[in-house]
Structures are given as structure tokens and as C-alpha cells.
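Report on the following structure.
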Amino acid sequence: MEKWWKNAVVYQIYPASFQDSNGDGIGDLNGIISRLDYIKKLGVDIIWLNPIYKSPNVDNGYDVSDYQDIQPIFGDLKIFNNLLKQAHQHKIKVVMDLVVNHSSNQQKWFVESRKSKNNPYHDYYIWKDGDPKKLPNNWGSYFSGPAWTYDKEIQQYYMHLFAKEQPELNWKNPQMRKDVYRLMRWWFDKGIDGFRMDSISLLDKPDNYPDAPNPANATYADAQPIVADGKRLGNYLKEMNKEVLSKYNVVSIGEMIGSNVKDALEYTGRNNHELDMIFQFEHVTLTPNKDKRLGKWNDIPVNLVDLKNSLSKWQNGLNKQGWNSLYWNNHDQPRAVSRFGNDSPEYRELSAKMLATTLHMLKGTPYIYQGEELGMTNNHFKTMADYRDLETLNAYDELVNKEKIVSKEKMMSYFANMSRDNARTPMQWNNSKNAGFTTGTPWIEVNENKAQINAAAQINDPNSVFSYYQKLIQLRHKSSLIVYGDYLELDPNDDKVFAFKRTYKKQELLVIINFTAEELTRDYNQKNADSLVIGNYSDDEITLIRPYEAKVYLFN
Ligand code: TEU
Ligand code: CA
């Protein structure tokens, strides 16, 4: 029996920006409930909610202060139970975010932890003796500055790979792990259907915390290469599987920054009893800045050959042994159509459908990030006052103001391209003042293009991006070829067209995708196909491949 999540499609909801129900400008659980019909109409099987736990909100909920309660601004446990019930009535499963690489500094374990070195919770976090003027090592935080903060009360440093309000949990402590497993069971006993596990590749820190290599001589080094995929990680995951996951019929999805195919084969390998699938980061980190001190900040488009190379590596690498999560974007990444397609009015719809075709014809479980199904774009914010995300705000402060290694103008261009806020602007439901997201003042500005891009205009239009996603989802649900077929890339060095085959028993699918605005000709014997399964133009010119054209043929 194949697993239920293999032919499923996931819809990711960023609750703060999805639907506000009470006019405070922030999306909430009642808002999600009111949109279940929309989600059902799209046809997905699972919703994944970004964190909705109680949180001081330093990092939009990724700093959890109570793992067993709901953020009051989103609702409460009663409303959550109602959401779960109604989602299940709609035959939609619910996956929650699990943030246990770190907690909030206001979480009770951490509050106890810093009281004294003898406190039973002290060892739940990573503390280190040291001189207040000399950091324990050279590691930097993902959100700028060092990965260590000195606590004067207890006279020790604690580690945080993210904000200083997000102390790292100490996975070496068995009692801490037991507490995590306990709260996971608590949610599964409530009936949730899975967890997306935040930053899970970072759980196991190397012994003695050595300095990380720092070739660019940055003020703080990138710790990821020596932290991700630590040697004990597999054991922790096996233990979690034994203690929790194996006892329920649920899906487990690891967010695994830094992991390579070999690591992923271990985590998702059949009979390895770790996780079901992982989010890898390779295809969304293909364009690091040449100046390593600038990390992810860049404004160069990705090269198609590199992109194909990376996707193919993962398709081939996990075939029949592991399982891929397929995604173009999420709440941390720029909008797909702006990054990999073309968000100009002329090509936005075509290229959004083109990207959708590519992703949904690959092998793995596809994820749709809210608004992607409408072809929503980056917001292209023009002033710093528009940004809300601490990663963006801190990066500006550190790289432009303090270190002065990049100009203001250049950084604004990097942000317009890469800031996480590009994905966090409110869902565009209709063309009213705040796009139908809120009757109040939205916590982050609605994209100006709401008149051109909104759900109301698309749900009943058979040619819309939304309707196209609907078709792709329906196709997957009906086709073992799409779900289980083997993958074969054609012409890996073609820098304009992505072409691949999927084969299953005697059937073959031929996928031809034009990633450019040019008219091209390619002959993959499509004239002899039995049928055109789907395409983003209304007719077919066979060997002529028009701008951003995507077409899928079946050979029976
Ligand atoms: O992201 C973890 C992660 O790997 C980060 O590097 C992330 O990609 C970040 O955006 C770097 O640019 C997860 C969450 O998805 C993210 O929203 C959180 O801020 C982060 O963990 C901390 O919990
Ligand atoms: Ca609200």
C-alpha cells in the first residue's frame, strides 16, 4: 500500500496574511475557516499552517512561548478544534508547523533555564561559560549579528542561530527530547495530520562548537556548513519516529537547510523510520552573492541550466528510495512568478502556468504557497518603512548602516528580489480596498496589483491561473504516471527549454517547457503523441514552442 501523502497536494497558509475575520488587520483562524470552500475548490488535500502557537512574535510565530496554546491574535484552542473539524469535513488534512530547534526566550523552559545552573531546565538550552567580551566562537546568526548572547544574570552565553529571542534547544538532553515528543503526541491526539518540522537539519550541533570556516572574512561566519546534518541527527529522528510518528497515521516533513541528496536519502529513505519527505534548499539558493559577506542577498536571475541540473539531481537521487517535496516558494522565499518566471503584465499569467506545469509534473509532493495559485507577485516595496521582516530589517542595519559594504540602492534592489516580505503581503481575494483581506488596516501593505490579480476574478474563469492549478491537481489525483513515474531529463544543457519524460509501465509523459519570452522550435517527437494532456496556450503548434509555453503529451 502506497502512503496517502504520495498523491496529495499541499496548500501552505501563512495565517497572518491569509484572511482577517475581525478587522484587526491580521489574518486569523476564523478567517481560514471562512476560506475552506475556496481551498476545497482548488482541490488540494492538505493544508500546512505556519506557526499559530502563542508567541511574542519576534519572528512571526517562529518563536514559540507556549507549544500547547494558540496565539490569541489568531484565536484559541476552541476555534482551532473547530478549524480542524471543519477541515476534516471538507476532506482536507491539517499539518502544523513544529518549531523545536529553538523556542522563544519567553517559553517556560527558557525562563527556568536562566534562573540557575542547577535548575533542571538549564540544560534544555545550549549555555557556555565565557568572557562577556569574547564570543565563544565565530558563528553568525541567520538574522545578522553573532549566534551567541551573554546573559548577565547567569553569566553564561546561550546559543541562537536565529534571533536572540530564539534560543537553541539542546537536543543532547534526553529529558528535553521527551518533552518535545510529549507535546507532539498531544497535538496528534487532537487529530492533526502531520508536522512540518522547522529548521530540523540544525538540531545536532558539533561537539565543542568549533569555529566555522570563514573564507570571506565576514564579521561572523556562516555556521550552517558545520551545523546542518550533524552526526546524531539521524538518531534523534529515529527516536522521534519510534516515540511519536510511528504511532499515528501522519505525514512528517523536515525543513532541511543545507542537506544534500545523500542526507535526504537517509531522512526519507524507505524503511529508515525517520521522516516522510524533506524541503531541500538547493534550487532556491543557486544565486548567492559573489561577495560572501552578503549571503543570500542578490538580484541576479537564476540560470536555467543550473536550475535544471539541481532539480534533476534531486529527482534522480531520491527516485524509488526517498521522496521529494516540490516547491517554488514559501513564506521565506520570493514569489515564484517573480523569481523563476516573468511578472510583467504581458507574461505573468503564462509564466505562472508554465512554472506550475513544471512543478506539478515532477515526482514528489507539490506544495502551493497561498496566492501562488493566482500568480501573485513580489511586492517590489520601495522604502524600508514598508518592510516588516526582522531578517530584512537587521540585514539593512548591519550591511548598509554598520558595515557599509553595500549601498542603500543596491540593498533595496536585493530586498525587492529576495526579502521574505515579498511572500507575506496579504492574500488578494478581490479588488476592494484591502483586497478583501481585512476591513481594518493590514499589518503589511497589500500589493498594488490587486486589481489585476485576485481570486474573485479568477475562480470562475476557465482560463485563469487558478483554473489551471485546479486542472493540474486533478490530473495528479487521477494519474499513477504523474505520481510514481520515473524521471528522465532531456538535453540538460539547453538553456532555454526544460524538457523531461516521466515513464510508468508502458506509459510515457513528455513535458516541454519554455523558460524564455522567445519563440523556439524543439522536436521531441511530440507530433506522434497520443494526446496533449495540458498546456498553457489554447492551441498547439507542435514543434513551435511559444514564449513561456508549457505542454505535456501522453504516449500510451
Ligand atoms: O527557516 C529556517 C531557515 O532555514 C532559514 O534559513 C530561512 O530560510 C531564512 O528565511 C533565511 O533566509 C525557518 C522558517 O521557515 C523561517 O520563517 C524562520 O524564520 C526560521 O526557521 C526560524 O524559525
Ligand atoms: Ca484578525
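The values are calculated or read from the model by the stated rules, or taken from the named source; none is laboratory data. None of the values given here were measured: they were computed from a predicted structure. Using ideal geometry, Cβ is built from the backbone for each residue, glycine included, and neighbour counts are taken over all protein chains shown.
The set of residues from the range 14-34 being in a loop (DSSP other than H, G, I, E, B), over 21 Å from the mean Cα position of the chain (by Cα) and closer than 24 Å to GLN458 by Cβ comprises ASP20, SER21.
If the condition is being in contact with a strand residue (DSSP E or B) (Cβ under 7 Å, 6 or more places away or on another chain), of a type outside the set (Gly, Ala, Ser) and either outside the structural domain of SER199 (by TED's automatic domain parsing) or surrounded by fewer than 18 Cβ atoms within 10 Å (Cβ to Cβ) (or both), then the range 305-355 contributes ASN316, ASN319.
Out of the residues in the range 30-43 that are over 21 Å from TYR367 (Cβ atoms) and touching a helix residue (DSSP H, G or I) at 6+ places or on another chain (Cβ under 7 Å), state the one that is nearest to ligand 2 (Cβ to nearest atom). So, considering only residues that are over 21 Å from TYR367 (Cβ atoms) and touching a helix residue (DSSP H, G or I) at 6+ places or on another chain (Cβ under 7 Å), the one nearest to ligand 2 (Cβ to nearest atom) is ASN30. One residue stands out in the range 44-61 among those that are among the polar types (S, T, N, Q) and crowded, with 20+ Cβ neighbours inside 10 Å: the one that is farthest from THR365 (Cα to Cα), namely SER55. Consider the range 322-352 and keep the residues that are of a type in the set (Lys, Arg) and either assigned to a loop (DSSP other than H, G, I, E, B) or away from ligand 1 (no atom under 16 Å from the Cβ) (or both). The one that is nearest to LYS551 (Cα to Cα) is ARG348.
Of all residues in the range 488-524, those satisfying the criterion of being outside any strand (DSSP E or B) and closer than 28 Å to HIS477 by Cβ are LYS505, LYS506, PHE515, TYR524. Kindly indicate whether LYS262 is part of a helix (DSSP H, G or I) and either surrounded by fewer than 18 Cβ atoms within 10 Å (Cβ to Cβ) or more than 15 Å from ligand 1 (Cβ to nearest atom) (or both). Yes, satisfied. Take the residues in the range 422-446 that are under 30 Å from PRO288 (Cα atoms) and surrounded by 23 or more Cβ atoms within 10 Å (Cβ to Cβ); name whichever of them is nearest to ligand 2 (Cβ to nearest atom). The qualifying residue nearest to ligand 2 (Cβ to nearest atom) is PRO426.
Are any of the residues in the range 180-193 closer than 25 Å to THR268 by Cβ, in contact with a strand residue (DSSP E or B) (Cβ under 7 Å, 6 or more places away or on another chain), outside any helix (DSSP H, G or I) and away from ligand 1 (no atom under 16 Å from the Cβ)? Yes, the conditions are met somewhere in the range 180-193. Of all residues in the range 541-556, those satisfying the criterion of being in contact (Cβ under 8 Å) with a residue 12 or more places away in the chain and over 23 Å from HIS477 (Cα atoms) are ILE542, THR543, LEU544, ILE545, ARG546, PRO547, TYR548, GLU549. Every condition in (1) in contact with a helix residue (DSSP H, G or I) (Cβ under 8 Å, 6 or more places away or on another chain); (2) in the same structural domain as LYS40 (by TED's automatic domain parsing); (3) assigned to a helix (DSSP H, G or I) is met by ASN449 except one, and the failing one is (1).
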